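Structure, as structure tokens:
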Amino acid sequence: MNIILLGPPGAGKGTQSARLVEHHGMRQLSTGDMLRAAVKAQTPVGLKAKAVMDAGELVSDEIVSDLIDAELAAMDADTGAIFDGYPRTAVQADILDRLLDKHGRTLDYVIELEVDEDALVKRITGRFSCANCGALYHDTANPPAQEGVCDACGSTEFKRRPDDNEETVRTRMQEYRAKTAPILPGYEARGIVRRVDGMASIDEVTAAIDSIIG
Ligand code: ADP
Ligand code: AMP
């Protein structure tokens, strides 16, 4: 099973990917996470990407596609892939088709998380994660069971993304509308798009995705 989770920033792609990894043994391929790791490690890719990410703009198609290619090359053929935050442009969508072919995979579904844009700013400005294991939380919608302690690993260190501020979020949403949303019709023509109400609770969204992938 190979799926794309598509939706604007804050739609819930990372949250649902973590559940797919846990429940279905799939692998999350998040270009955002890969780029943040590169920034942290100050690799050449990270040094190039940092300012672009901080501005909420898109990193080059070549950089992100090379990251995906390397991850697919390192994966077991029978482990399913969840593409989270990739592809984000028509060029990336074409490259992904070629990469899937190269690695002997086929795309089963493009699952679009439909969300109300006004809610996204609230979601993103309330987002934080565990500094140790990366578990995702939200100040009001999804706080840890015990305040200040990660449910998954017990760490008491948390972090927020530098690009999760209102101004950058607006740019990221414009980028989504202008460059990412236009890739949907191509997938629709292939009959593989499934829509999920991303405004439902986290558990309800998980149930809807589970019923699609079976
Ligand atoms: P994306 O990966 O699409 O940018 P995330 O999965 O990081 O989005 O979710 C953004 C924020 O919204 C996080 O703080 C997360 O806890 C919260 N969130 C995710 N899904 C829901 C939901 N269905 N209802 C309310 N809050 C949600
Ligand atoms: P995300 O974690 O998906 O919200 O991505 C964070 C940032 O990383 C984005 O705002 C972009 O700057 C960059 N990024 C992540 N994935 C891609 C991609 N597929 N194409 C271009 N830029 C990306």
Note on the stretch 55-73: residues more than 17 Å from the chain's Cα centre (by Cα) and in contact (Cβ under 8 Å) with a residue 24 or more places away in the chain are A55, A73
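Where in the stretch 112-192 are there helices (runs of 4 or more DSSP H), lying fully within it, with 1 or more residues that are touching a residue at least 40 places away in the same chain (Cβ under 8 Å) and either charged (D, E, K, R) or within 10 Å of ligand 1 (Cβ to nearest atom) (or both)? Outline the logic, then answer.
Values: elements: 117-125, 166-175, 184-189.
Correct list: 117-125, 166-175.
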From the options S211, S201, residue that is out of contact with any Gly (no Cβ under 9 Å at 6 or more places or on another chain) and either within 11 Å of ligand 1 (Cβ to nearest atom) or at pLDDT below 95 (or both): S201
For the stretch 74-91, how many residues meet the condition of being without any contact (Cβ under 8 Å) to a residue 40 or more places away in the chain and under 17 Å from P182 (Cβ atoms)? 1
Restricted to the stretch 10-48 and to residues being outside any helix (DSSP H, G or I) and more than 13 Å from L136 (Cβ to Cβ), the residue farthest from ligand 2 (Cβ to nearest atom) is G25
Counting only residues that are part of a loop (DSSP other than H, G, I, E, B), charged (D, E, K, R) and within 14 Å of ligand 2 (Cβ to nearest atom), the stretch 63-101 contains a total of 1
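The values are calculated or read from the model by the stated rules, or taken from the named source; none is laboratory data. Remember, it's a predicted structure, so these values are computed and weren't measured experimentally. No Cβ is skipped: glycine too gets one built from the backbone with ideal geometry, and neighbour counts run over all protein chains shown.
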